[in-house]
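The values are calculated or read from the model by the stated rules, or taken from the named source; none is laboratory data. What you are looking at is a predicted structure, and each value in this text was computed from that prediction instead of being measured. With ideal geometry, Cβ positions are generated from the backbone for all residues, glycine too; neighbour counts draw on all protein chains shown.
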Ligand code: SAH
């Protein structure tokens, strides 16, 4: 009897953006190349001008061949691209190991904002959110975080720098803002996120400065303090979602371990250290956290703080038993907050017809895979 055939899958070569600047420089130096080549090569990739090493025309031929043997230019591919009427573009991205994440390009008032993920899935378990329904699988690498930015930017300009047209006119020619509000808990993957954002922020990277980057967190006090210590001017958004611990622990299970007072103390410390006003996000769940008593408690909680509240009417997630708020309840929250002197806005709804609430597209794709239905063709 012959032995069963085993298929050994070789791991794909590492993507360039997954090498730290130090590692990449060391690799080049070992081959007698000047370390500045690292920036040169990274620029080709970050600026979306090369999809293979052969196209990097300012590199010696021999180096191009060595690079192609050792690395891949890019680890991620677009599995699905959806565009909505308001030119919100959502990508379902397939990572080198076959796992999927989502990222979104939002265009508004001359801004082009990339909304990116930091983990495959999410371990926080917020009851209303699609991303965490099956827990967290792993952290994204530095390269996987950066590649989302490149994929989104490549939607707006072609490799020659020519702006692309969308439904509403020419698209922005560069990304102006980043919001870390996709799948996952950013502060649970803080090291990789900060390394990726440092490269994205560099003048010869994507030139998106810290003041144009918002990091949204469920509220992990020790990590908020570490972020403040980073000395960078990131904008912090904290997902509060409830005005008292009893209700917050029902909606955001990790609150059991932290509690609102510790989160507010860390947010105050962040403001004191960075001078950057903190935004509190509040997903409005009809009938659950939008009643007059909640409005009063929330206003009381934030009174006297230099804070801003973003009310986010819940985006429907199939199968979850929540509903969007009624207008009068939403207005009740707004009025109460304004009366107590807290600045408040309702988050505009973008791209709702393409499941822009994060985690939903991936969930549908995974369900299709499980049901062994073909996934729709790559566009
Ligand atoms: N883990 C981070 C990032 C989550 S996504 C955090 O907790 O902040 C960014 C925001 O969208 C969070 O405030 C999150 O609670 C909210 N959100 C998630 N699913 C939503 C939905 N279906 N409708 C409205 N907001 C949602």
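Going by the conditions given, is residue 75 within 16 Å of the ligand (Cβ to nearest atom) and buried (at least 19 other Cβ atoms within 10 Å of the Cβ)? For residue 75, the condition - within 16 Å of the ligand (Cβ to nearest atom) and buried (at least 19 other Cβ atoms within 10 Å of the Cβ) - is not met.
Residues checked against (1) assigned by TED's automatic domain parsing to the domain that holds residue 203; (2) at pLDDT 95 or above; (3) within 22 Å of residue 207 (Cα to Cα):
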| position | (1), (2), (3) |
| --- | --- |
| 26 | no, yes, no |
| 32 | no, yes, no |
| 37 | no, yes, yes |
| 41 | no, yes, yes |
| 50 | no, no, yes |
| 53 | no, yes, no |
| 82 | yes, no, no |
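Step by step: first the residues of the stretch 231-251, then only those that are in contact with a strand residue (DSSP E or B) (Cβ under 6 Å, 6 or more places away or on another chain) and closer than 16 Å to residue 127 by Cβ, then the one that is surrounded by the most Cβ atoms within 10 Å (Cβ to Cβ). Which residue is that?
So the residue we want is 240.
Applying the criterion of at least 1 residues that are without any contact (Cβ under 8 Å) to a residue 40 or more places away in the chain and closer than 22 Å to residue 286 by Cβ to the helices (runs of 4 or more DSSP H) found wholly in the stretch 217-273 leaves 245-251, 255-258.
Is it the case, given these coordinates, that residue 334 is under 21 Å from residue 82 (Cβ atoms), surrounded by 13 or more Cβ atoms within 10 Å (Cβ to Cβ) and at pLDDT 95 or above? No; evaluated as a whole, the condition is false for this residue.
Within the stretch 309-348, restricting attention to residues that are under 15 Å from residue 283 (Cα atoms), over 20 Å from the mean Cα position of the chain (by Cα) and assigned to a loop (DSSP other than H, G, I, E, B), the residue that is farthest from the ligand (Cβ to nearest atom) is 326.
The rows are residues; the columns are (1) crowded, with 24+ Cβ neighbours inside 10 Å; (2) within 13 Å of the ligand (Cβ to nearest atom); (3) farther than 30 Å from residue 286 by Cα.
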| residue | (1), (2), (3) |
| --- | --- |
| 104 | yes, yes, no |
| 153 | no, no, yes |
| 174 | no, no, yes |
| 191 | no, no, yes |
| 194 | no, no, yes |
| 197 | yes, no, yes |
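Applying the criterion of at least 3 residues that are more than 22 Å from residue 209 (Cα to Cα) to the strands (runs of 3 or more DSSP E) found wholly in the stretch 68-155 leaves 77-83, 89-94, 100-108, 119-121, 136-139.
Listed by first and then second residue, the pairs linking a residue in the stretch 296-324 that is within 21 Å of residue 268 (Cα to Cα) and outside the structural domain of residue 338 (by TED's automatic domain parsing) to a residue that is more than 10 Å from the ligand (Cβ to nearest atom) and assigned to a helix (DSSP H, G or I), with Cβ atoms under 9 Å apart and 6 or more places separating them unless they lie on different chains, form an empty list.
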